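Novice: Please see the structure below; I have some questions.
All of the numbers you see were taken from the coordinates with simple rules; none came from a lab. None of the values given here were measured: they were computed from a predicted structure. Here the Cβ positions follow ideal geometry from the backbone for every residue, glycine too, while neighbour counts run over all protein chains shown.
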Amino acid sequence: MIERKRWKDVIEPGLAHHLAIVVSLPGRPARLHTHDFPEIFWLERGRGEHTINGQVKGLDAGDLIFIRPEDQHMLRAVDAAGFKLINVAFVPSVRADLLRRHPEAFAPLLDPAGPLPCRLRLTAASLATLRDQLPQLSSVGEGRLALEHFLLGLPLLLRPPEVSALPAMPEWLRHACEEIQRPALFALGAPGLVRASGRSAAHVARSVRAALGCTPSDVVNRVRMAHAARELRITDRPITDIADECGLSNLSHFYSLFRRAHGQAPRAFRLGRQRAVV
């Protein structure tokens, strides 16, 4: 029998959301259930098994799932270490409001077509950002304001500009392309993409060529130049420091890559973007 959870029965009256930290170990009871409210959860550590609408899916640390009202699901641990997850359930009216106000951004997350809800893989940076918002979400006094702040940031947080338009590709390669957004990895160049993938350099090169029509160095350099452009736009850091952070101590090479990506030299780019309009 499927258990049905109702917002008015499980959440204290007047609250717009409920935050829970769940640690699940083998043997913890798991019941298939549904509810009349949406929720979001992500795994902080460990591995689990998610039964969702008649399908069984593995879960790993960094996986984030958007559960729609009426989805039928349950979670259980698959090994002795169990797993830890963060769950945010929220009042149905907020979901309806977001879908009405921002349909293009939120329909793929909160109301995707098909039998399964939206599932995304968090980068380390995205995971850290979500963690940073937990104190606000846990404060009862912040109420709906904290919830909307959290939800409205998700479309941008979960769609890195260098990854969102990528075509179909193996999941391990998509994950590597997300992880390479981290400065500690893109500073390494193509070896950073290889490290993030867990595959051999030759395998990565073949797969990138097949999926994207370019080289691993091309992928990394696009990420580097996007990062450099952001730093030039919003900071006054020396250009040499930005180049070093990108792993490009050869300034001539940095300037060449930047000009190729953005059509002008870094200094000209900065001056044009930071010009006051008041």
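Novice: Could you give the length gained on full extension between THR129 and GLU3, defined as 0.36 nm per residue of separation minus the Cα-Cα distance, in nm?
Specialist: Numbers: separation 126, 0.36 × 126 = 45.36 nm, distance 3.31 nm.
In short, 42.1 nm is gained.
Novice: Among all helices in the chain defined by DSSP H, which have a length of 15 Å or more along the axis from Cα atoms plus a Kyte-Doolittle mean of at least -1.0?
Specialist: Details: long enough: 201-212 (16 Å, 0.68); 216-234 (28 Å, -0.31); 251-262 (16 Å, -0.28).
Answer set is 201-212, 216-234, 251-262.
Novice: Also, quick follow-up: Stretch ALA184-ARG259 to full length: gain in nm at 0.36 nm per residue minus the Cα-Cα span?
Specialist: Details: separation 75, 0.36 × 75 = 27.00 nm, distance 2.32 nm.
Contour length minus the Cα-Cα distance gives 24.7 nm.
Novice: With an 8 Å cut-off on Cα pairs and a minimum separation of 6 or more residues, tell me the relative contact order of the chain in percent.
Specialist: Values: 411 pairs, mean separation 37.0, N = 278.
The normalised contact order for the chain reaches 13 percent.
Novice: Expressed as a whole number of Å, what is the distance separating the alpha-carbon centroids of region 213-242 and region 254-273?
Specialist: A separation of 10 Å, based on Cα centres.
Novice: Same structure, new question: Springs between alpha-carbon atoms under 10 Å, Gaussian network over the chain: tell me which of GLU12, GLU49, GLU70 tops the mean-square fluctuations.
Specialist: Ranking GLU12, GLU49, GLU70 by mean-square fluctuation puts GLU12 first.
Novice: For the chain, take the convex hull of the Cα atoms, compute a quarter of its surface area, and give me that in nm², please. Numbers along the way, then the final one.
Specialist: Values: hull surface 72.3 nm².
Mean projected area of the Cα convex hull: 18.1 nm².
Novice: So, with +1 on the Cβ of K and R and -1 on the Cβ of D and E, and no other charges, what is the size of the charge dipole of region 3-157 about its Cα centre, to the nearest 20 debye?
Specialist: On the way: 19 positive and 18 negative charges, 47 e Å.
Dipole of region 3-157, to the nearest 20 debye: 220 debye.
Novice: Which loop-located trypsin sites (Lys or Arg not before Pro) does region 21-71 contain, where loop means any DSSP state but H, G, I, E or B and the Cβ has at most 16 other Cβ atoms within 10 Å?
Specialist: Details: sites: ARG31, ARG45, ARG47, LYS57; in loops: ARG31.
For trypsin sites (Lys or Arg not before Pro) across region 21-71 that sit outside H, G, I, E and B with at most 16 neighbouring Cβ atoms in 10 Å, the list reads ARG31.
Novice: Rounded to the nearest 20 debye, what is the charge dipole size of the chain about its Cα centre when +1 sits on each Lys and Arg Cβ and -1 on each Asp and Glu Cβ? Don't jump to the answer; show the numbers that get you there.
Specialist: Numbers: 37 positive and 28 negative charges, 140 e Å.
The dipole of the chain has a size of about 680 debye.
Novice: If the elastic network links every pair of Cα atoms under 10 Å, which of ASN87, ASN250, ASN53 fluctuates the most in the Gaussian network model of the chain?
Specialist: ASN250
Novice: If you don't mind, there's one more thing I want to ask. Using a Gaussian network model on the chain with a 10 Å cutoff between Cα atoms, which of GLY46, GLY114, GLY58 fluctuates the most?
Specialist: It is GLY114.
Novice: Right, next: Under 1.5 on a/c is rounded, so check that first for region 3-157, then, if it is not, pick prolate when a/b is larger than b/c and oblate when it is not; a ≥ b ≥ c are the square roots of the alpha carbon gyration tensor eigenvalues. Can you show the working numbers first?
Specialist: Working: a/c = 1.35, a/b = 1.28, b/c = 1.05.
Judged from the Cα gyration tensor, region 3-157 comes out rounded (a/c under 1.5).
Novice: Using just the Cα positions, wrap region 171-273 in a convex hull and report its mean projected area in square nanometres, one decimal place.
Specialist: Details: hull surface 25.2 nm².
Here the figure is 6.3 nm², rounded to one decimal.
Novice: Under 5 Å between amide H atoms, partner at least 5 residues away or on a different chain: which partners does ASP63 have, H built in plane at 1.01 Å?
Specialist: Hits under the 5 Å cutoff: LEU43, LEU122.
Novice: Using alpha-carbon pairs under 8 Å, 6+ residues apart, how would you state the relative contact order of region 171-273 in percent? All intermediate terms of the calculation are to be shown ahead of the outcome.
Specialist: Details: 100 pairs, mean separation 24.4, N = 103.
The normalised contact order for region 171-273 reaches 24 percent.
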